[in-house]
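**Student:** I am attaching a structure below and will ask some questions about it afterwards.
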Amino acid sequence: MLRYLCAGESHGKGLVAIVEGMPSNIPIDINRINEDLKKRQQGYGRGNRMKIEKDKVEIITGVRDGKTLGTPLTIVIKNIDYKNWTNVMGIEKLENQQKKILEPRPGHGDLVGALKYNHKDIRNVIERTSARETAIRTAVGSIAKQLLSKFNIQIISHVLSIGEVKYKFTDKDIFKFKNLIEESCLRCIDTNVEKEMIDEINEAKRKGDSLGGSFEVIVKGVPVGLGSYSHFDRKLDGTLAQGIMSLQGIKAVEIGEGIDGITNPGSKFHDEIQYSIEKGYYRNTNMAGGIEAGVSNGENIIIKGHMKPIPTLTQPLKTVNMFTKEEKEAVVERSDNCAVPSASIVAEGICAFIIAKEMVDKFGGDSIEEMMLNYKSYMNYLRER
């Protein structure tokens with residue numbers, strides 16, 4: 001089984017992940033991981049923290065001579081800003097603690113976390129609920145992408161909306177726009193819409209407010225048969241939805257045209273099945289988003305994430321002091337005022353890991369060579385059906 005555990009606080013010493021179940025002999029390019037980490041830090045609307053951290057991953061175990069060993073991988077991202085927070089985040093008993101945070105932010109995990117874990121200082125909650133944690137998840141996802149690349153599986157993401165500004169992308173082959181997406185400060189294909197989005201972000205920032213939006217992740221080259229309809233917890237759309245929903249700020253997940261498409265009658269929603277010797281079974285439309293009955297159908301897998309506005313506002317909302325119970329303004333932490341482009345990069349990694357896990361589950365093998373033999377045998381079987 002491919003799985004991982006991550007740990008770390010936003011302003012602690014660093015972020016750590018242990019990845020278990022990665023087959024041996026997968027070439028690992030650390031520069032590709034660092035490229036994804038850099039992309040996660042970019043995007044119009046990001047905060048000052050991104051000017052401090054220069055995220056780079058260090059692989060401590062599980063790789064030798066540029067290839068995985070089949071043993072657990074341990075990866076670390078150090079927090080450069082920790083040196084400025086040692087009097088706040090030190091592991092030993094703190095002699096000169098800063099003032100405790102007692103005014104929870106509406107929409108954040110501050111209040112529920114403090115109540116659940118009996119914390120007397122919301123700082124203990126803020127440090128783990130922070131989106132800083134997504135850096136290590138991005139790194140894990142980047143490793144998963146390098147496994148998937150051996151099977152010609154590609155992943156891309158782009159932004160669909162910021163605030164009230166949105167657009168509909170209809171071209172079937174989004175991968176031909178990859179350079180345009182990567183060059184955009186908002187990962188938006190339409191440059192005119194991008195300008196409107198920037199204006200929207202600027203206006204929100206002027207008002208001390210924040211903005212959410214939506215993004216789309218597309219996975220190309222996934223074979224038929226990942227996931228299962230036999231058990232509810234093995235359905236591919238279910239595991240992908242859970243993965244994206246676990247990303248900070250996400251309030252809704254959509255597979256294919258799961259929202260706009262439901263107003264259509266069945267005759268206009270469902271993707272007609274066709275067959276040719278060259279392609280095998282295929283569809284000319286993809287309303288289902290590449291998944292039927294919890295199983296991949298060979299078309300592009302399409303997942304949309306809808307992100308709420310960031311809870312930290314420079315013009316804060318009303319809250320209650322947890323000690324005095326008096327009405328107060330919510331605490332203001334250093335934050336972005338829009339992080340939808342960054343969320344799309346993290347979502348790429350989340351989807352990559354889930355698809356990689358399904359590939360490992362289905363095709364097995366202790367080495368990538370064994371796994372590829374099993375994969376090729378299965379693909380030959382599909383061509384004969």
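**Student:** So how do 267-277, 23-33, 344-354, 114-124 stack up, highest first, on mean other-Cβ count within 10 Å?
**Tutor:** Numbers: 267-277: 10.5, 23-33: 17.2, 344-354: 26.9, 114-124: 15.2.
Final packing ranking: 344-354, 23-33, 114-124, 267-277.
**Student:** Where the convex hull is taken over the Cα atoms of the stretch 295-381, what is its projected area averaged over directions, in nm²?
**Tutor:** Mean orientational projected area (the stretch 295-381, Cα hull): 10.1 nm².
**Student:** So, one more: Would you mind checking the tilt of helix 134-148 against the longest principal axis of the Cα atoms of the chain, expressed as 0 to 90 degrees and rounded to 10?
**Tutor:** Approximately 10 degrees, to the nearest ten.
**Student:** At a Förster distance of 25 Å, what's the computed FRET efficiency of Lys172 paired with Arg234, Cβ-Cβ distance as r, to 0.05?
**Tutor:** Working: r = 29 Å, r/R0 = 1.15.
Computed FRET efficiency for Lys172 and Arg234 comes out at 0.30.
**Student:** Looking only at Cα atoms, what is the convex hull volume of the stretch 172-311 per residue, in Å³?
**Tutor:** Per-residue hull volume (Cα only) is 140 Å³.
**Student:** Can you figure out the FRET efficiency of Asp121 with Asn31, using R₀ = 35 Å and their beta-carbon distance, to the nearest 0.05?
**Tutor:** 0.35
**Student:** Then there is this: Note the full-extension length gain between Ala7 and Thr74 as 0.36 nm times their separation in residues minus their Cα-Cα distance, in nm to one decimal.
**Tutor:** Stretched out fully, the Ala7 to Thr74 stretch lengthens by 23.0 nm.
**Student:** Angle, helix 236-245 long axis vs. longest principal axis of the chain, Cα atoms, 0 to 90°, nearest 10?
**Tutor:** Between helix and principal axis, roughly 20 degrees.
**Student:** Mind pulling the angle between the C-alpha long axis of helix 30-41 and the longest principal axis of the chain? Nearest 10 degrees, somewhere in 0 to 90.
**Tutor:** Its long axis makes an angle of about 60 degrees.
**Student:** Can I ask one more? What FRET efficiency comes out for Glu58 versus Lys99 if R0 is 45 angstrom and r is the Cβ-Cβ distance? Round to the nearest 0.05.
**Tutor:** 0.85
**Student:** Whole Å is fine, so just give me how far the alpha carbon centre of the stretch 352-385 lies from that of the stretch 208-251.
**Tutor:** Using only Cα atoms to place each centre, the spacing works out to 21 Å.
**Student:** In whole Å and largest first, what semi-axes does the C-alpha gyration tensor of the chain yield when each eigenvalue is scaled by 5 and square-rooted?
**Tutor:** Those come to 37, 26, 18 Å.
**Student:** Still on this structure, I have one more. Lysines within cross-link reach of Lys99: Cα-Cα under 18 Å, excluding same-chain residues under 8 positions apart?
**Tutor:** Qualifying lysines at Cα under 18 Å: Lys120, Lys325, Lys328.
**Student:** If you don't mind, there's one more thing I want to ask. Before anything else, pin down the relative contact order of the chain: Cα pairs under 8 Å, at least 6 apart, normalised by residue count, whole percent.
**Tutor:** Averaging sequence separation for qualifying contacts and normalising by length gives 23 percent for the chain.
Taken together, the values in this text are just the output of simple stated rules run on the coordinates, not laboratory data. In this text, all values refer to a predicted model and were calculated from it rather than measured experimentally. Neighbour counts run over all protein chains shown; Cβ positions are idealised from the backbone, glycine included.
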